[in-house]
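Report on one structure; see the data block that follows.
The values are calculated or read from the model by the stated rules, or taken from the named source; none is laboratory data. Here the structure is a predicted model, which means the values were calculated and not measured. All Cβ positions, even for glycine, are placed from backbone atoms using ideal geometry, and neighbour counts span all protein chains on display.
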Amino acid sequence: MPVLIRIAFRNLLEHKSKSLIIGIIIALGVTILVVGNAFIDTAALGIKRTFIDNFTGNVFVNGKADAPVSLFGVSSPGGMEQTPTIPSYDKVVAWLKDQPEVKSVTSQITGMATISAPSDENSDDAVPTMLFGIDPATYRPMFDNLNFVSGGYLTPGEEGILLSQQRAKEIEKDLKTKVAVGDTLLLNGFGGSGLHIRRVTVRGIFTFKQRNDALEFISYADVQTLRGLLGMTLGSTKITDLAKSDTALLGEGSADSLFGGGDMVSVDSNAARPVTSGDLTSILGDTGGNRKAEQLDTGAWHFILIDLSNANEAPRFIAKTNAWLAGQHLNAEAGDWKTASGGLGSISDIVRVIFIAAILIVAIVAIIIIMNTLIVSVIERTSEIGTMRALGAQKAFIWRMFISETLVISIVFGLAGMALGSAVVGVLNVMGIHATNSFLQILFGGEVLRPAVSAGSLLTALGVVILIGILAHLYPVAVALKVQPVRAIQTD
C-alpha cells in the first residue's frame, strides 16, 4: 500500500491542473455538507429541547382517537373532533409514578377558546387562544418556562388565566380595552353540550423564556375553569342503563294510544288548589342525581406528560408503556415529543429531506464533472497504463492505483473542506442566525440559531465525498482497462 500511495502522490503532482479541479470540487462539497449538517443538526436539537423542556416532556400519554392526537388536540378534518380523555386516569398515573425511569409526571387538558371583554358580552369581537389547563403544583416544577411581565403563576386551587404578552396586546388592540392583572375576561368555548362561557381573572402576563412567536397563542388556565368551558361534566361521560320496565312506555305504539280515547286523569274542579314546589318534587322524584351529573369531572385529563431521568430511555419506555396499556385493555397510547408536538417537531426532518435531495443533485453534478475530468486524465495516461500492463501489472493493480489516487485527493481536499466548513460554522455561531419569521423561529427552536459542528457530521461529509470520488473514477478506469496493452503502448 505505501508504494501505491507514493505512486498516487506522484501521479497527482504530475497532473496538477486536473488534480486541482477535482480537489476544489471535493473541498467545496465537503464545506457545503459540513455547514448544512451543522445547521440542520443544531435546528433539530433546538426544536427538540424547546418542546421537551417547555411543553411535552420525554413521553406523552393520551386517549386514542380516530385521528392523530397531539398536545394541541385531535388533527381531524375541520378540527371538530373532541380530544379524548384518558380512561382510568388514576390507575394509569399511579402506574407511571411507580416506574423507576420516571422522574416527574404532570397532566393537562387542552381546548380552544375565544377571549372577550365582560362589557362586550354581546359583541362578536373576540380573540382566539389555545388554552392549556394545568395543575400548577406538578406542572410548574416540570416546565419552568415562563417569565412574568406582571403578576405571577397560578397557585394550587386558584382559578384564573395566564396570558402571553403578545396575546394581551392583541386583546388590547382588537377589543380596545386595557388588560392588566386582576382584570376579568370572558372565555367562550364549545364542549360536548354546546357553548360555554366562563369569567376568569387575569393572574399573570408572561413571555416564554425560550421565545417563539409561533407559540404565543398559548394561554394557561386552571384546570377546573377549562373543564367547565369544555363541558367536561360527570354527566357528559356517564352512560345510564335503563331497565325494561323504565322503557316499556316508550314502546306503547303511537302517541294516539297515549293521549287518545278519553281522559287519562279525572279532575275534580272543586278540589283544585295551587301547585306547590313540594307537589313538583313529589312528581319529579329525587333530582340529586341530575345535579351530580352536572358537576365537573375532576378526574378528566386529556394528557399525561412524563419527564424521564434518562432521555435516551424514551423509546424503550414508550414501548413498555404501550404494552402495559394494551395489557390493561385501556384505550390510550404513549408517544414521544414529536407525536405530542403535532407535526411542529418534524419540521427539521422535512428540511433535512429537502437538504439531502439538494445534496444528491449536487453530488450527481459533481460526479459528472469529476468523471469528465478523470476521463481526460485517463486518456492522457493510456500509454502509461499500457506499459504497466505490458510489464505484467494486473488489472487489479491498476484499479488499486486509481483508487489510491482517489483516496489521496479525497482525503487531502476533504480535510481542507472540513477545515473551511468548520471555520464558516464557527463564524455563524459567533454571529448567530436570527429568525425573521415564525417559521424560522420554530425551525431554529428560538429567535437565534447558533450552529455547531459535530464529529458525526464531519465524518459523514468526508465519507460522502470519498464515495463520490470512487464512483466517479469507475467508468474512466474501466474504459482504459479495455484497451489492449500493445495498442496502449503505441498511443501517443
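Worth pointing out:
- Pairs linking a residue in segment 76-100 that is closer than 17 Å to E333 by Cα and at pLDDT 90 or above to a residue that is of a type in the set (F, W, Y) and crowded, with 18+ Cβ neighbours inside 10 Å, with Cβ atoms under 9 Å and 6 or more positions apart or on different chains, are T85/W301; I86/W301; I86/F303; Y89/W301; V93/W301; Q99/F317.
- Matching entry among G160, G194, G189 (being modelled with pLDDT of 90 or more and of a type in the set (G, A, S)): G160
- Restricting the first member to segment 418-440 and to residues that are surrounded by 16 or more Cβ atoms within 10 Å (Cβ to Cβ), and the second to residues that are of a type outside the set (A, V, I, L, M, F, W, C), the beta-carbon pairs closer than 6 Å and six or more apart or on different chains are L420/T31; G421/T31; V425/P451; L428/P451; N429/R450; N429/P451; A435/Q441; A435/E447.
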